[in-house]
Amino acid sequence: MFRPTKAVAAERTGTEAAVPVQRDVLRPGGRPSPLGYVMAALRFALGWTFLWAFLDKTFGLGYATPAENAWIEGGSPTTGFLSNVDGPFEGFFTNMAGQGWADWLFMLGLLGIGMALILGIGMRVAAVTGAALLAMMYMAALPLTNNPFMDTYLIEILLLVALALAGAGRVVGLGGWWEKLPFVKKNRWLV
């Protein structure tokens, strides 16, 4: 379980006093630190990207998905992206495009990861499942056109892991309450 530690003092030269640097999301006593608020904002932002993708693909809100291709109108959320794969994993992903099971797994993943991040619950599960989803999207995007290897998918994977490790769900979220639930206490992987 994540426990806040004492703030680390940054040493300065000359006559200046040491300046405390907060490296935890919670201050001693359980109050959020400035870092905690930044991590919460990052959690909300990343959660919203997952949740928005779910909403746009479900209802065809006209951003990435036109209304006529909405999932509720019979469109396939995986067809557009996966049928255009042109890289080393082309066969794997194009065979998956438009399959009902792939559509359901993808959409449930977007919804679950987005809600977990926004609510601050199940951060470990969200990090693992989100990293797996983003890794597959990264593989489908290969070869990259803007960079030899780095892509926003990899950055988002690192961000998911950092949020889970930092206990970011406890700040402006339900993470603290979630961790106290009996079934979560018995199954620590649900934290």
* Asked: Looking at Leu165, is it at pLDDT below 95 and either in a helix (DSSP H, G or I) or among the charged types (D, E, K, R) (or both)?
  -> yes
* Asked: Any idea how many residues of segment 73-94 are within 17 Å of Ala141 (Cβ to Cβ) and part of a helix (DSSP H, G or I)?
  -> 9
* Met139 being part of a loop (DSSP other than H, G, I, E, B), over 21 Å from Phe44 (Cα atoms), among the aliphatic types (A, V, I, L, M) and open to solvent by 50 Å² or more (accessible area, probe 1.4 Å) -> no
* To do: Mind listing whichever residues of segment 52-67 are touching a residue at least 12 places away in the same chain (Cβ under 8 Å) and more than 17 Å from Gly109 (Cβ to Cβ)?
  => Phe59, Gly60
* Asked: Exactly one of (1) out of contact with any Ser or Thr (no Cβ under 6 Å at 6 or more places or on another chain); (2) under 19 Å from Trp52 (Cα atoms); (3) assigned to a helix (DSSP H, G or I) is unmet by Leu154. Its number?
  -> (2)
* For Pro32, work out the one condition from (1) modelled with pLDDT of 95 or more; (2) open to solvent by less than 50 Å² (accessible area, probe 1.4 Å) it doesn't fulfil. => (1)
* If you take the residues of segment 159-191 that are over 15 Å from Ser33 (Cα atoms) and of a type in the set (Val, Ile, Thr), which of them is most open to solvent (accessible area, probe 1.4 Å)? -> Val161
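The values are calculated or read from the model by the stated rules, or taken from the named source; none is laboratory data. Quick caveat: nothing in here was measured; it's all calculated off a predicted structure. Cβ: placed from backbone, ideal geometry, glycine included. Neighbour counts: every protein chain shown. What goes into the accessible areas is simple: the full protein's heavy atoms, side chains included, and nothing from ligands, DNA or RNA. Shrake-Rupley method; radii C 1.70, N 1.55, O 1.52, S 1.80 Å.
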